[in-house]
Amino acid sequence: MEYKYQELKINYLKVGEGKPIILLHGWCQNLNTFEGLIDVLKTKYTVYAIDLPGFGFSDEPEDPWSVKDYSNFLDKFCTDLKIHRPIILGHSFGGRIAIKYASNNSKIRRLILVDSAGLNINRGIKFYFRKWRYKLVKNYYKLTKNNVKLEEWFNKHASNDYKQATEKMRLTLKKVVNEDLRKDLRKIKAETLLIWGENDTVTPLKIAFKMQKKIPNAGLVRLEGLGHFPYLEDAKWFHIIIKNYLDIK
């Protein structure tokens, strides 16, 4: 299905009947990543799975977006489609958006955050040294116009999220990745379930602990042996957790 937001064409899926639940995917993903989960949810809920702006079959924004811009998009989407008191499930980058939206909207039935991004954790001196060295060398190759060396350096040191993004979306990534949503967490009024792979190296488990402490009404399920994509790595176990939480028989 297609939804128009400003000048952007947004692709989304609507399936099932019942109370609404909205699925927000991670960076460089699309709504198809939730295919198995959708089959579970649609037996009791009306499921809205969105290709977020800049991903899947949805248009890219002309200018770099912030997390707030994505939250505003979600708010308008719910208003225009008359979605009232939804459950929102966000994975990774989608979790960022869900946090921002939930912090400014008390009419959310429940919030489910799966290995969510949103907190900038303290890193050691080695991390900041590598970051400084990366910028220094990158700028040097740009100044000397040594494109071959620049490409080699980029392929070796850039993150996978950055490599996979288009030029436009790289600017958005730079903008959103540095946004710390610590203050937003305290404003969330909805009952919140955190689901986390214990072996996640993208958004480590310590982020889940911090979020659990800061969100007023939050519980945490830790998944042993799983990483950043628990709903794909062990779909059967993940679906059992979701079924129990959302009372799906």
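Of note:
- In region 18-61, the residues that are of a type in the set (A, V, I, L, M, F, W, C) and touching a strand residue (DSSP E or B) at 6+ places or on another chain (Cβ under 6 Å): 21, 22, 23, 24, 31, 34, 38, 41, 47, 49, 50, 57
Listed here are the residues, each with its yes/no results for (1) assigned to a loop (DSSP other than H, G, I, E, B); (2) on the phi > 0 side of the Ramachandran plot; (3) at pLDDT 95 or above; (4) within 26 Å of the chain's Cα centre (by Cα).
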{"residue": "79", "(1), (2), (3), (4)": "no, no, yes, yes"}
{"residue": "95", "(1), (2), (3), (4)": "no, no, yes, yes"}
{"residue": "108", "(1), (2), (3), (4)": "yes, no, yes, yes"}
{"residue": "121", "(1), (2), (3), (4)": "yes, no, no, yes"}
{"residue": "128", "(1), (2), (3), (4)": "no, no, no, yes"}
{"residue": "132", "(1), (2), (3), (4)": "no, no, no, no"}
{"residue": "139", "(1), (2), (3), (4)": "no, no, no, no"}
{"residue": "145", "(1), (2), (3), (4)": "yes, yes, no, no"}
{"residue": "150", "(1), (2), (3), (4)": "no, no, no, no"}
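- In this structure, residue 20 does not satisfy being touching a Pro at 6+ places or on another chain (Cβ under 7 Å) and without any contact (Cβ under 8 Å) to a residue 60 or more places away in the chain.
- Scanning region 76-94 for residues that are crowded, with 21+ Cβ neighbours inside 10 Å and among the β-branched types (Val, Ile, Thr) turns up 87, 88.
- Taking residues in region 215-228 that are closer than 27 Å to residue 104 by Cβ and assigned by TED's automatic domain parsing to the domain that holds residue 100, and partners anywhere that are crowded, with 17+ Cβ neighbours inside 10 Å and among the hydroxyl-bearing types (Ser, Thr, Tyr), the pairs with Cβ atoms closer than 7 Å and at least 6 places apart or on different chains are 215/192; 217/192; 218/192; 228/92; 228/203.
- Filter result for residue 113 (over 15 Å from residue 19 (Cα atoms), assigned to a strand (DSSP E or B) and touching a helix residue (DSSP H, G or I) at 6+ places or on another chain (Cβ under 6 Å)): yes
- Looking across region 164-186, the residues that are among the acidic types (Asp, Glu), within 21 Å of residue 88 (Cβ to Cβ) and either touching a helix residue (DSSP H, G or I) at 6+ places or on another chain (Cβ under 7 Å) or not in a loop (DSSP other than H, G, I, E, B) (or both) come down to 179, 184.
- Helices (runs of 4 or more DSSP H) completely within region 187-249 that count 2 or more residues being buried (at least 16 other Cβ atoms within 10 Å of the Cβ) and of a type in the set (Val, Ile, Thr): 235-246
- Candidate set from region 161-186 (those that are charged (D, E, K, R) and within 16 Å of the chain's Cα centre (by Cα)); member that is surrounded by the most Cβ atoms within 10 Å (Cβ to Cβ): 184
- Residue, farthest from residue 78 (Cα to Cα), within region 95-122, restricted to residues that are surrounded by 24 or more Cβ atoms within 10 Å (Cβ to Cβ) and among the charged types (D, E, K, R): 115
The values are calculated or read from the model by the stated rules, or taken from the named source; none is laboratory data. The structure presented is a predicted model; accordingly, all values stated were derived computationally and were not measured. Please note: Cβ atoms are built from the backbone with ideal geometry, for glycine as well, and neighbour counts cover all protein chains shown.
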